[in-house]
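Step one of this worksheet: look at the structure below.
FYI, it's all coordinate maths here, none of it is from the lab. As the structure is a computational prediction, the values presented were derived from the model and not from experiment. Don't worry about glycine lacking a Cβ; one is built from the backbone with ideal geometry, like all the others, and counts go over all protein chains shown.
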Amino acid sequence: MPRLAVEDNSRMSLRIPPEEKTILLRAAALKRTDLTDFVRQHSLKAAREVIREAERLELSERDSLRVLALLENPPKPNAKLLAAAKSLQKRK
């Protein structure tokens with residue numbers, strides 16, 4: 001499970017090999033920006049893509065049809081589900 005940031009400030013430290021920093025500096029210069037903006041812009045783009053992939057579920061056509069069929073005709077609740085619902089009502 002990912003850890004949440006606990007620091008209140010807006011700073012972040014990275015330790016990277018000098019060769020990698022040189023590559024980042026060169027790329028930032030080619031984009032006519034500074035290293036901070038370059039790293040922030042590209043890491044945020046990558047982070048958004050990771051989140052998008054994690055939150056997206058891709059189903060086959062067969063599975064999509066199965067989900068739609070279950071939504072239109074849900075199965076009757078079994079004993080465990082009924083017990084869980086009763087337990088939840090008691091807590092409120």
Taking +1 at the Cβ of each Lys and Arg and -1 at the Cβ of each Asp and Glu, which of Val67, Pro18, Ala47 sits farthest along the dipole of the chain towards its positive end, judged by Cα position relative to the Cα centre? Val67
What is the stretch 45-92 by shape, rounded, prolate or oblate, if you read a ≥ b ≥ c off the alpha carbon gyration tensor as root eigenvalues and call it rounded for a/c under 1.5, prolate for a/b larger than b/c, and oblate otherwise? oblate
Under 29 Å Cα to Cα from Lys86, which lysines show up? Leave out anything in the same chain fewer than 8 places away. Lys76
Check each of the GluC sites (Glu not before Pro) in the stretch 25-88 and keep only those in coil by DSSP with at most 12 other C-beta atoms within 10 angstrom; list them in order. Glu58
Reachable lysines from Lys45, criterion Cα separation under 28 angstrom, eight or more residues apart if same chain: Lys21, Lys31
Let me spell out the model: positive unit charges on the Cβ of Lys and Arg, negative unit charges on the Cβ of Asp and Glu, origin at the Cα centre of the chain. What dipole size does that give, in debye rounded to 20? 560 debye
